[in-house]
Each structure stands twice: as structure tokens, then as C-alpha cells.
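Novice: Please read through the structure below; I'll follow up with questions.
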Amino acid sequence: MKPNIIKEKSFDFAINIVNLYKDLAHNKKEFVMSRQLLKSGTSIGANVREAEFAQSKKDFINKMSISLKEANETDYWLDLLHATNYINTKDFGKFKPKSQEMLRLLVSIVKTSKE
């Protein structure tokens, strides 16, 4: 069976986001932005999973578009948490490329699916 790259990467990304959230909540006592990050960062993979069993091509594109929006929101929260010094530059350097990769993959999937 062919591997589903976006499914695997979005799940791994969600695990990393959950762990970052736990660190921010426990060690930095930051609850508002980190909770938003948790919601959007885990929603990416959840919508990818929903798209797996889409009822139609239109439904698939819709679910993947939602994943794309969530990935973009996650990227925003990472930027904001870094800009406000809740995430240090070293950790930001680990998360930002993965966030950008999610965005690129999802843009490609949505664009290709619409063609």
C-alpha cells in the first residue's frame, strides 16, 4: 500500500504540537495562545483523516482546504508565540520549517485536486 505522506506528516506534526503545548502550559504558564496553537495544530491531521473518506471530490477538496486554513493559523500562532518570547529561537527553528512544509503540501494537494 502506498504511504500517505500528508497523513503521516500531519500526525507527527500534531504530536509535536501537543508536546509544545504541554511545555508552554506547564513551564511558561501560557494558556491562551498555546491553546489556540493546540486546536489548530491538531486539526490539520484530523481534517486530513476526514478527507480520506470524503463522499465526493468536492468534499475532499473542502476537507483539505480546511486543513490548509488550520495549517496557516498554526503558522500564525507559532510566529506570535516566538515574537512574544514564549518560544525560543532554537525551538522555533524546529517548528517553523515543519509548519511551512504542511502549508506547501496542503497548497499542492488542494491546487492539484481542483484541476
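Novice: Past 27 Å, Cα to Cα, is the threshold; run LYS63/LYS98; LYS22/LYS69; LYS58/LYS94 against it and keep the listed order.
Specialist: Pairs exceeding 27 Å: LYS58/LYS94.
Novice: According to a simple spin-label model (label point 7 Å from Cα along Cα-to-Cβ), what is the distance in nm between TYR76 and SER113?
Specialist: In this crude label model, SER113 to TYR76 measures out at 2.1 nm.
Novice: Moving on. Residue by residue, what Karplus-based ³J(HN,Hα) values in Hz, rounded to whole numbers, does segment 73-84 have, using 6.51, -1.76 and 1.60 with θ = phi - 60° and x for Gly and Pro?
Specialist: 5, 4, 4, 4, 5, 4, 4, 5, 5, 6, 5, 9
Novice: Once Cα extents along the principal axes in Å is worked out from the coordinates, which option in (i) 44, 25, 19; (ii) 42, 33, 24; (iii) 69, 34, 22 does it equal?
Specialist: The listed entry that was calculated here is (i).
Novice: Fully extended, how many nm does the chain gain between LYS96 and LYS28 (0.36 nm per residue separation, minus their Cα-Cα distance)?
Specialist: Details: separation 68, 0.36 × 68 = 24.48 nm, distance 1.95 nm.
Extending this stretch completely gives an extra 22.5 nm.
Novice: Hey, what did segment 5-114 get for relative contact order, percent, Cα under 8 Å, at least 6 apart?
Specialist: 29 percent
Novice: Please give the charge dipole size of segment 5-114, origin at the Cα centre, charges +1 on K and R Cβ atoms and -1 on D and E Cβ atoms. Round to the nearest 20 debye.
Specialist: Charge dipole, segment 5-114, about its Cα centre: 140 debye, nearest 20.
Novice: What FRET efficiency comes out for the pair GLU52/ASN16, r = Cβ-Cβ distance, R0 = 22 Å, nearest 0.05?
Specialist: The value I calculate is 0.55.
Read-outs: derived from the displayed coordinates by stated rules, not from any lab. Nothing here was measured: the structure is a model prediction, and the numbers come from that model. Ideal geometry is used to build each Cβ from the backbone, glycine not excepted, and the neighbour counts take in all protein chains shown.
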